[in-house]
Amino acid sequence: MRAFSYEKPADPAAAAARAAEVEGAKFLAGGTNLLDLMKLEIETPVHVIDVNGLGLDEITETEEGGLRIGTLVTNTALSADSRIRRDYPLLTRAIAAGATGQLRNKATTGGNLLQRTRCPYFYDTNMPCNKRKPGSGCGALTEGAFSRQLGVIGTSDACIATHPSDMAVAMRALDAVVETVTPAGMTREIPIEEFHLLPGDTPEQETALMPGELITHVRLPAPVGGTQEYHKVRDRASYAFALVSVALVRQSDGSGRVALGGVAPKPWRSDAADKELPNGASAVMSVLLDGARPTEENAFKITLAERTLAAMLKEA
Amino acid sequence: MKFTQPVDSNLFDDAKVVGKPMQRIDGPLKVTGTAPYAYERNDAAPDALYGYPLGAAIGHGRITRMDAEAARSAPGVRAVVTTLEIDPLEKGINNVARLFGGAEVQHYHQAIAVVVADTFEQARAASALIEVDYEEGTPADLDLDAAFERMQGTGEPDTLVGDVEAAFRDAPHVIDQMYHTPAESHTMMEPHASTVDWSDGEDMTVWTSNQMINVNLKSIAATFGIDRERIRVESPYVGGGFGSKLWLRADAVLAALGSRAAGVPVKLALPRPMVMNNTTHRSATVQRIRLAARADGHLTGIWHEAAAYCLPGGRGENPTAQTPIFYAGDTRRVKNHVVDMPLPETADMRAPGEASGLMALEIAMDEMAEALDMDPVQFRIINDTQVDPANPDIPFSDRHFVECLERGAEAFGWSKRNTTPGEQRDGDWLIGHGVAGAYRGALVLPSGARAILDGGKLIIETDMTDIGTGSYTILAQTAAETMGMDVADVEMRLANSAFPASSGSGGQFGAPSSASGVYAACMALRDKIAGNLGIEDASFNGGRVTGGDTDMALSEINEEVSTEDAIQWGDFQKDYAMGTFGAHFVEVGVHAYTGETRVRRMLAVCDAGRIINPITARSQVIGGMVMGVGAALSEDMALDRGRGFFANHDMANYEVAVHADIPEQEVIFLDTLDGVATPLKAKGVGELGLCGVAAAIANGLYNATGIRVRDYPLTMDKFIDRLPAI
């Protein structure tokens, strides 16, 4: 871990302004991912802006009948909230499928969206990684590399990393909106589908946030009802990232929404694929995973995603 | 004491302490966090500074330049030692790669520098400032399958009995399959760690986490070229080893070099991401197994050929270890090839040989039972042997494998299982049941101890370690039994090189060997006490010594009485085959859509002679069963074949079983006694619990789905395309 300076700003706008002003600054919330990455010198901020204590830790009801979640609401608090459990059970199920109780107690809503990939080449500073060190190459795409866990769609020749979050997959299925404050003190709204970027030639750019911009809330629209399930598939029964996860909202008429985790650099969903839901898992996946470019080691994720959804459609 | 003939009756026959369930005596220290582990020896070395290692960034090659100036001038740094500054150190016992010194890089994360600083964070930060240039070695062929293809049929067989080709030609039933087991990491909870005081470059004290103190002592002496008398090694508590801490490792070497350079005691733990490539692991294996059988189920041919890898000069893994001896069979050919590969060092991991060998052989046995249309329990029973099949004059000392299978089948409800694969469901889950045989050798080693009677207290000193296995407890039980005393009056002092050399912990030889050593020392103490008192035929009971006219409490003996002895093993044991035996039964659920596989219940039946303490023995067996679940379903060191290193080198990506993976586990110990094995008629059991578990799960997966998976781990990517259509 490199030495860094530290400050606690007075309010969110001041935090954003300071983050834009100091080059190499990072926000610290729960720290469950940032601190690990700093110890390994994957993240090397020179200045840490601690946003804990800025409020932003409440869940309030919106005029549209939805909920507005403060960015510092912990994963534990969010998943346990009675309104979330009643009206957005998908979110509770997704959060509970991730990490461990201890981590969820510390991890925050905004921080969860911003966590970095667990690609082993990103995590080993001896290895090339375009995300960690732009231009150094993708360690996972060389001959003989280990890519079983990595992405099959939305990836590029520069990066095949996945976004590791379970919560974000549910947020995508629920059409959440990310609210921010910019360094200039303005507020901004970013639909979740536009929040995470695909890698293209610039895998180091992971979100639509501008330098210094701070997430303040994540807003959920009015409840969509239906049956909501989250099936996370992994080799061991707990404490592992998804090989494939499927978030499903299914209405009684057979319509609904499907989002995937573990397959792409962002939660993976499309309107066109949602429309195929009444036609079954195969129809959905042939649209949703159209254009997939798996490696030999992770091609099974295509089959696995379809079969996982098939199981859920039968159960739903 | 020399063990010169099979023991008939002795004091353990009416044991009051040995064989009784007893909670581990070091338990309170551990649950209160007060057991002093190697990295936390603030009691012994309160002024220790922090060492941090740097590992090589390439698979193999040479270092052409190192620049540590920035590290040396970083805040808090007291010393930096780079590998280019010293000649290659001598290797310790059973080390294959050198642990430090010189420009050659033999494997990824091989230690190339150590930084000593006032704080852990300063040492870690400074280590990242060291600049290293490399010249990468020629890319190596790391394809074990290709190596097996090349070597198959070459070399003298390790075991050859009869005309195996003819047997296969003539047999009505033959199977011939390839099996793969992956590289596995010990992944013990406590990483390799040492605190070393070599401040003056003269005498050295090493507080470490190690399984074999005497071997460690000799290795340190060889590594640094100093007399053993000037070194003290202590390892009173070890947070798991599984073979990873049998031999000297880089943590102690780097802490010693750092201590000498900085002139202060230094403590150093290997960072978790370095453990898998810096230390040792179990080699992956490729195995071809051919079985031939008559229609009545008798095996007429067993042909097992395998390959594993290691660095030049290493031992690899021998997955054929059990094949010469586990089952009867008229003919047999066994051969293991060890292929040189520039990968991290392969060495012993829990049940080296049998663990990976039975993963394959016990699937093959299941396949042959199916080919014969025979119950796999019955098929194994038919092929039991009471003699070494290659040397029929050599009987097993004590073998109750058949009883393990029969007792297990009864307790598990084996007869009630569905026998047609793929036909039992519980909702979306396909349910299956599997069985596998378990075998692990019963090695014993010489082991010494000192017994001291002092004011009614018995003190036992031996360099035996307790790696979480229960040594403190079972040795105290053995000593108390032998002396006719209460366990509460026994003080155990372990794992210090100042004490008599023991077997150490490994190969499931630790408990039988060291308990026999403690027995020897206590018998010598009895003789000495009796001699001092002039008693013939003294008996020791209830804390008293009686005989002739004497009947006195041991607490009334005012003079300290001390003896030292060791158990030595007589040649008569070579007239016997000694082993431990078991049977594993599992119920497995396989998700019909996703292929997720979870174990739903587990039973082990173990035949390992007298069980000294059913609580600690059970803990060992269920721990082995947990390791077997990991081996079956998730553990896999992922080799980057281009770069020659294991990419998933942390506990997030190398998936051992977690609590949610483990169902109710049942263990049955057969009430057996092996008077050939040890004076206690006891054998080890710590590795038996692992042997065969993974194959039972693989066989259960087959019974659940009708899909035979011969490559571990049994992850869905290997069979999802063969699951029922959706």
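Just order B:680-693, B:497-510, B:127-140 by mean Cβ neighbour count inside 10 Å, highest at the front, would you?
Descending packing order for the listed peptides: B:680-693, B:497-510, B:127-140.
Test of understanding: what is the full-extension gain from A:ALA3 to A:MET210, defined as 0.36 nm times their sequence separation minus their Cα-Cα distance? Before the final figure, lay out each step's value.
Numbers: separation 207, 0.36 × 207 = 74.52 nm, distance 2.49 nm.
Going from the current span to full extension adds 72.0 nm.
Mind ranking B:TRP414, B:TRP569 by accessible surface for me, highest first, 1.4 Å probe?
B:TRP569, B:TRP414
Just tell me how shielded B:628-636 is by partners: mean number of partner chain Cβ atoms within 10 Å of each residue's Cβ, no decimals. Don't skip to the end; give the middle numbers.
Numbers: counts 0, 1, 2, 0, 0, 3, 5, 2, 3.
Per residue, the average neighbour count from other chains is 2.
Can you list the GluC sites (Glu not before Pro) in segment A:205-296 that are in a DSSP coil and have 11 or fewer other beta carbons within 10 angstrom? Spell out each step's value before the answer.
Values: sites: A:GLU206, A:GLU213, A:GLU229, A:GLU276, A:GLU296; in loops: A:GLU206, A:GLU213, A:GLU276, A:GLU296.
Those that pass, being in a loop and sparsely packed, are A:GLU296.
Considering amide H positions built from the backbone, and no H for Pro or chain starts, which residues 5 or more places from B:ALA438, or on another chain, come under 5 Å of its amide H?
B:GLY582, B:ALA583, B:HIS584
Using the Cα gyration tensor of segment A:86-244, with a ≥ b ≥ c the square roots of its eigenvalues, what is the shape: rounded (a/c below 1.5), prolate (a/b larger than b/c) or oblate (neither)? Spell out each step's value before the answer.
On the way: a/c = 1.99, a/b = 1.25, b/c = 1.59.
Because a/c hits 1.5 or more and a/b fails to exceed b/c, segment A:86-244 counts as oblate.
To two decimal places, what compactness ratio does chain A give when its Cα radius of gyration is scaled by 2.2 N^0.38 Å? Write out the running numbers ahead of the final one.
Working: Rg = 19.0 Å, N = 316, 2.2 N^0.38 = 19.6 Å.
Ratio of Rg to 2.2 N^0.38 Å for chain A: 0.97.
³J(HN,Hα) across segment A:285-298 via Karplus (A = 6.51, B = -1.76, C = 1.60, θ = phi - 60°), whole Hz, x for Gly/Pro?
Couplings: 6, 5, 8, 5, 9, 5, x, 4, 9, x, 8, 4, 6, 10 Hz.
Between B:ALA371 and B:ARG72, what is the label-to-label distance in nm when each label sits 7 Å out along the Cα-to-Cβ direction?
In this crude spin-label approximation the distance works out to 6.7 nm.
Can you bin segment A:264-316 into rounded, prolate or oblate? Criterion: square roots of the alpha carbon gyration tensor eigenvalues sorted a ≥ b ≥ c, rounded for a/c under 1.5, prolate for a/b above b/c, oblate for the rest. Could you put the intermediate results ahead of the total?
On the way: a/c = 2.07, a/b = 1.38, b/c = 1.49.
In terms of gyration-tensor shape, oblate.
Working from the pairwise distances between different alpha carbons, so that the mean of 1/r is found and then inverted, what is segment B:310-350's Kirkwood radius in Å? Don't jump to the answer; show the numbers that get you there.
Working: mean 1/r = 0.0834 Å⁻¹.
For segment B:310-350, the Kirkwood estimate is 12.0 Å.
For a label point 7 angstrom out from the Cα of A:GLU61 toward its Cβ, which stretches of segment A:203-223 have the backbone nitrogen within less than 20 Å?
Inside the label zone: A:218-223.
Would you work out which of B:ILE668, B:PRO21, B:PRO446 lies farthest towards the positive end of the dipole of chain B, given +1 charges on the beta-carbon of Lys and Arg and -1 on that of Asp and Glu, about the Cα centre?
Among B:ILE668, B:PRO21, B:PRO446, the one farthest towards the positive end of the dipole of chain B is B:ILE668.
Report the far tail of the P(r) of segment B:639-695, meaning the percent of Cα-Cα pairs longer than 16 Å. All intermediate terms of the calculation are to be shown ahead of the outcome.
Working: 1121 of 1596 pairs.
Tail of the P(r) past 16 Å holds 70 percent of the pairs.
Wrap a convex hull around the Cα atoms of segment B:404-451, take a quarter of its surface area, and give that in square nanometres.
Values: hull surface 28.5 nm².
Average of the hull's projected areas for segment B:404-451 equals 7.1 nm².
Rounded to whole Å, give me the distance from the Cα center of segment B:556-603 to that of segment B:654-726.
Using only Cα atoms, the two centres lie 15 Å from each other.
Report the extension gain between B:GLU491 and B:ASP43 in nm, rounded to one decimal, defined as 0.36 nm multiplied by the number of residues separating them, less their alpha carbon distance. Please list the in-between numbers first.
On the way: separation 448, 0.36 × 448 = 161.28 nm, distance 2.00 nm.
Result: 159.3 nm gained on full extension.
Summed for both chains, how many Å² of accessible area, to the nearest 100, are buried between B and A with a 1.4 Å probe?
On the way: alone 26250 and 13990 Å², together 36880 Å².
Approximately 3400 Å² gets buried when B meets A.
To the nearest 500 deg cm²/dmol, what mean residue ellipticity at 222 nm is calculated for chain B from DSSP H runs of n ≥ 4 alone, each contributing -39,500 (n - 2.57), summed and divided by the residues? Please list the in-between numbers first.
Working: 15 runs with 171 residues, N = 726.
Roughly -7000 deg cm²/dmol at 222 nm, from the helical runs in chain B.
Can you compute the charge dipole magnitude of segment B:473-567 about its Cα centre, using +1 on each Lys and Arg Cβ and -1 on each Asp and Glu Cβ, nothing else charged? Give it in debye, rounded to the nearest 20. Could the numbers behind the result be given before it?
On the way: 4 positive and 14 negative charges, 86 e Å.
Dipole about the Cα centre, nearest 20: 420 debye.
Convex hull over the alpha-carbon atoms of segment A:1-93: what's its volume per residue in Å³?
115 Å³
Placing unit charges on C-beta atoms (Lys and Arg positive, Asp and Glu negative, everything else neutral), compute the dipole magnitude of chain A about its Cα centre in debye, rounded to 20.
Dipole about the Cα centre, nearest 20: 840 debye.
Give the value in nm², to one decimal: projected area of the alpha carbon convex hull of segment A:111-171, averaged over all directions. Display every interim value, and only then the final one.
On the way: hull surface 18.2 nm².
Mean projected area for segment A:111-171: 4.6 nm², to one decimal.
Say the cut-off is 26 Å between C-alpha atoms; which of B:LYS30/B:LYS457; A:LYS26/A:LYS301; B:LYS245/B:LYS718; B:LYS218/B:LYS457; B:LYS335/B:LYS683; A:LYS8/A:LYS133 go over it? Display every interim value, and only then the final one.
Details: B:LYS30/B:LYS457 24 Å; A:LYS26/A:LYS301 34 Å; B:LYS245/B:LYS718 33 Å; B:LYS218/B:LYS457 32 Å; B:LYS335/B:LYS683 28 Å; A:LYS8/A:LYS133 29 Å.
Cα-Cα > 26 Å for A:LYS26/A:LYS301; B:LYS245/B:LYS718; B:LYS218/B:LYS457; B:LYS335/B:LYS683; A:LYS8/A:LYS133; rest within.
Could you pull the Rg and Dmax for the protein assembly as shown, using just the Cα atoms, both in Å?
Considering the protein assembly as shown through its Cα atoms, Rg and Dmax are 30.7, 100 Å.
Could you work out the per residue convex hull volume over the alpha carbons of segment B:385-478, in cubic angstrom? Show your work: numbers first, answer last.
Working: hull volume 21.7 nm³, N = 94.
Residue-normalised Cα hull volume stands at 231 Å³.
Using only atoms on other chains, find how many Cβ atoms lie within 10 Å of each Cβ of peptide B:637-644 and report the average. Mind showing how you got there, number by number?
Details: counts 1, 7, 3, 12, 5, 6, 10, 1.
Average per residue, whole number: 6.
I want to verify the translational diffusion coefficient of segment B:213-254 in µm²/s; compute it with Stokes-Einstein, Rh as the Kirkwood radius over Cα pairs, at 4 °C and 1.567 mPa s. Don't skip to the end; give the middle numbers.
On the way: Rh = 11.0 Å.
Value of D from the Cα-based Kirkwood radius: 118 µm²/s.
What are the ³J(HN,Hα) couplings of segment A:142-153, residue after residue, when phi is run through the Karplus curve with 6.51, -1.76, 1.60 and θ = phi - 60°? Round to Hz, x for glycine and proline.
8, 4, x, 6, 9, 10, 4, 7, 8, x, 10, 8
With unit charges on the beta carbons (Lys and Arg positive, Asp and Glu negative) and the dipole taken about the Cα centre of the protein assembly as shown, which residue among B:ALA147, B:TYR179, A:ALA158 sits farthest to the positive side?
Among B:ALA147, B:TYR179, A:ALA158, the one farthest towards the positive end of the dipole of the protein assembly as shown is A:ALA158.
Of all DSSP beta bridges in chain B, what percent run antiparallel (nearest 5)? Let's see the in-between values first.
On the way: 99 of 131 bridges.
Among the beta bridges of chain B, antiparallel pairing accounts for roughly 75 percent.
Calculate the spin-label point distance for A:ALA80 paired with B:LEU533, positioning each point 7 Å from the Cα along the beta-carbon direction, and give it in nanometres.
Here the answer is 6.3 nm between the modelled labels.
I need the peptides B:604-612, A:4-12, B:369-377, A:117-125 ranked by packing, meaning the mean over residues of other C-beta atoms within 10 angstrom, with the highest value on top.
B:604-612, A:117-125, B:369-377, A:4-12
Please compute one quarter of the surface area of the Cα convex hull for segment B:41-145 and express it in square nanometres. Walk me through the intermediate numbers first.
Numbers: hull surface 34.8 nm².
Taking the Cα atoms of segment B:41-145, their convex hull projects to 8.7 nm² on average.
Give or take rounding to whole Å, what are the principal axis extents of the alpha carbon atoms in segment B:99-150, in descending order?
Over segment B:99-150, Cα extents along the principal axes are 54, 20, 17 Å.
For segment B:274-393, I need the span (max minus min coordinate) of the C-alpha atoms along each principal axis, in Å, sorted largest to smallest.
Sorted from largest, the Cα extents of segment B:274-393 read 52, 30, 20 Å.
List the pair-distance distribution P(r) of chain B, using every Cα-Cα distance, as the percent of pairs falling in each 10 Å bin from 0 up to the bin containing the longest distance, rounded to whole percents.
Going out from 0 Å in 10 Å bins, chain B shows 3, 14, 23, 24, 19, 11, 4, 1, 0 percent.
To the nearest 20 debye, what charge dipole does chain B have about its Cα centre, counting +1 at the Cβ of each Lys and Arg and -1 at the Cβ of each Asp and Glu?
Values: 60 positive and 100 negative charges, 137 e Å.
So the dipole magnitude of chain B works out to roughly 660 debye.
Quick check on chain A: helices-only [θ] at 222 nm, where DSSP H runs of length 4 and up contribute -39,500 (n - 2.57) each and the sum goes over total residues. Nearest 500, please. Each step should come with its number before you reach the end.
Values: 12 runs with 88 residues, N = 316.
For chain A, the value works out to -7000 deg cm²/dmol.
Give me the percent of Cα-Cα pairs in segment B:494-594 that sit more than 22 Å apart, rounded to a whole number. Can you show the working numbers first?
Working: 2789 of 5050 pairs.
Of all Cα-Cα pairs in segment B:494-594, 55 percent lie more than 22 Å apart.
Using a 10 Å cut-off around each Cβ of peptide B:127-140, what is the average number of partner chain Cβ atoms that fall inside? Let's see the in-between values first.
Details: counts 1, 6, 1, 0, 0, 1, 0, 0, 0, 0, 0, 0, 2, 0.
The shielding value for this peptide is 1.
Would you work out which of A:ASN112, A:ALA176, B:GLY506 lies farthest towards the positive end of the dipole of the protein assembly as shown, given +1 charges on the beta-carbon of Lys and Arg and -1 on that of Asp and Glu, about the Cα centre?
A:ALA176
The values are calculated or read from the model by the stated rules, or taken from the named source; none is laboratory data. On a predicted model such as this, the values are computed, not experimentally measured, just so you know. Every residue, glycine among them, receives a Cβ derived from its backbone with ideal geometry; neighbour counts consider all protein chains shown. For accessibility, only protein heavy atoms count, side chains too; no ligands or nucleic acids. Shrake-Rupley method; radii C 1.70, N 1.55, O 1.52, S 1.80 Å.
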